[in-house]
Amino acid sequence: MVGLGAGELEALEGLYDRYSSLVFSVAVRVLNDRQLAEDVTQEVFLRLWRRPGSYDPERSRFRSWLMSVTRNRSIDERRRVVRRLRLEEREDDAAPDPPGPERFHDPQLEAELAEDRRAVREAMTRLPPPQREVIELAYFGGLTQVEIAALTREPLGTVKTRIRLGIQKLRVALVDLRGEHDVKSAEG
Amino acid sequence: MRPEEREQLLAAFALGTLSEPDGAVVRDLVRSDPAAADELAGYHEIVDMIALSAPLRRTDPTLRSRVLAAARKDRTRQTRRLDPRRWLPWVAAAAAITLLLAWGWNLQGTLDQVQRDNSVLTAVVEAEAKRLQSLFETETDVSSQALQLQVQSATSEIELALAVTTAPDVRSSILQSTAAGHGARGHFLWSEDTGAGWLTANDLPQLGLGLVYEVWLLDSRQTISGGTFLPDDAGRVESLVLPLTTLRPSRIVIAVSPQGGADNPGATRVLEGFVLR
C-alpha cells in the first residue's frame, strides 16, 4: 500500500495478484455476468491506484474494505444494468454458478484464505436455508427487506426476523474468526 | 425501542438492506448511543465476512494486463500534467497576459482576480498542511508504513491540486445549495488540461453512518463520479476531484451516496453548479 501511495506500478501488481480473484469472485457472485464483473474489478483497482488514501487502515482491515467497495460497486452496476435493460430478473441463489470462469487455483492465496473461507462457508451452510436465503439476497443481491419480502412472498416481519436471527448465528459461529483477526491486528 | 427491534434494525443496517426511513432511525440511534455504534461495528465485521462465502474464481489473464495498462497510462498522464516543463511556460504566459491586462485595461478587476486565485492557492496549501499536521499529531498509533502511505498520498494531492489551480485553462464555478443542502456553499475549479478539479465547500449537512458525499461531473453524454469525501465536523471540505475517464464537464453536482459510491447522483443533491466555458 505504501508503494501504491508513491505511484509504484509494482505495488498495484502485487495487490492485484493478491486480491483480484477475491474482488472478481464477489463481483461475479453479485452480477452473475463475467464481463460486467471484469469491468467492476478493473474499476476497483483503478480507483485504488488513483486514490490510495481512500483506504483508512484505522477504520477497517484492507480486505474487508476492498470487499465492501467491490460489493457496493457491483450492486450499483447491477441496478444500472437492470434499469437500462428494464429486466426483471429474479435472483435465484440456488442456481448453479455461471459457466465460464474457472475455479481458483493459486495455492498460496488459496492456503492463506482457506481457513477463513472454510469458516465462513461452513457458518453460512449451517444457517437454516430460509435465513441463508434472505442474507444472500440482501448481501449479494443488494435487495432491501421490502424487496426480499416481495420476491420470496413472505411477510416483511418474517424477513426481518430471519435476517436478525441469521446474522446473530453468524456472529456466534464466526466469533473465533473475529478473535483471530483481533489477535492478528494486535500483533501487526 | 425493544432490544429485539434494536438488534433487528442494526443487523439489517449493517447488511445494507434497510429502507429509508428506517436507515435514518439507525443513524440517529448510533449518533446518540455509543453502545449502539459499537454493536453496529460488530455487525459490520460479520457482514464483511460474508463476501468470503462467494466461490473463488480466477480472473481472465488479459484483465491483469488491461488494469496495469490503464494504470500505466494514467500514471503517464499524471506525470505529464505534473511536469513543470509542460505547465510552467503556460503559467508564465498567463501571468504575463494577466499583468498586461492589468496594466492596460482593468487593473482593479484583475487584482481582485489575482487575490481570489491567491486565496484558493492558500486554501489548497492550508488544507493539505492541516491534513499532514493532523496525521502526525493524531495518528501516532498507526504503523510507520501506513503513515508513510498517507503522507505520500497527501503530497501527491498537493502537487495535483497546485497543478489544477495554476493551470492556464482553469475554470471557476460557484456551487449553489439545493433545498437538501440547507445553505451549503461551494466553489469548484476545473482544468481540462490537468483532468482534475479542486472542490471547496462549507456548511455541508452532517451525514449519517454509512453515507458519504460524492462529486458528479456531467457533460452532454455522460455522468462520471469524481470520487467521494466526508466533510469535517464543521461541514467543510477541500478536495481533489479526479474522474476516472476524460470528459468536458458542463455541470457539477454534489450528492449523498452510500459508502463506496453510487452509480448516479440520486435524489439527495446538496450542491449544483455550471462549469462555464
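The values are calculated or read from the model by the stated rules, or taken from the named source; none is laboratory data. For clarity, every value in this text was computed on a predicted model and none was experimentally measured. Cβ: placed from backbone, ideal geometry, glycine included. Neighbour counts: every protein chain shown.
A few notes on this one:
Conditions (1) part of a helix (DSSP H, G or I); (2) among the aliphatic types (A, V, I, L, M); (3) at pLDDT 90 or above, marked per residue:
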{"position": "A:His105", "(1), (2), (3)": "no, no, no"}
{"position": "A:Ala111", "(1), (2), (3)": "yes, yes, no"}
{"position": "A:Ile148", "(1), (2), (3)": "yes, yes, yes"}
{"position": "A:Arg178", "(1), (2), (3)": "yes, no, no"}
{"position": "A:Asp182", "(1), (2), (3)": "yes, no, no"}
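- Evaluation of A:Arg59 against the conditions (1) in contact (Cβ under 8 Å) with a residue 24 or more places away in the chain; (2) farther than 20 Å from B:Arg58 by Cα shows that the sole unmet condition is (1).
- Among the residues of segment A:44-60, those that are surrounded by fewer than 22 Cβ atoms within 10 Å (Cβ to Cβ) and in contact with a Lys or Arg (Cβ under 9 Å, 6 or more places away or on another chain) comprise A:Arg47, A:Ser54.
- Scope segment B:246-277; condition more than 19 Å from B:Ala180 (Cβ to Cβ) and either touching a Cys at 6+ places or on another chain (Cβ under 9 Å) or more than 10 Å from chain A (Cβ to nearest Cβ) (or both); matching residues: B:Thr246, B:Leu247, B:Arg248, B:Pro249, B:Ser250, B:Val275, B:Leu276, B:Arg277
- Flag if B:Arg31 is at pLDDT below 85, facing chain A (nearest Cβ under 7 Å) and surrounded by fewer than 18 Cβ atoms within 10 Å (Cβ to Cβ): no
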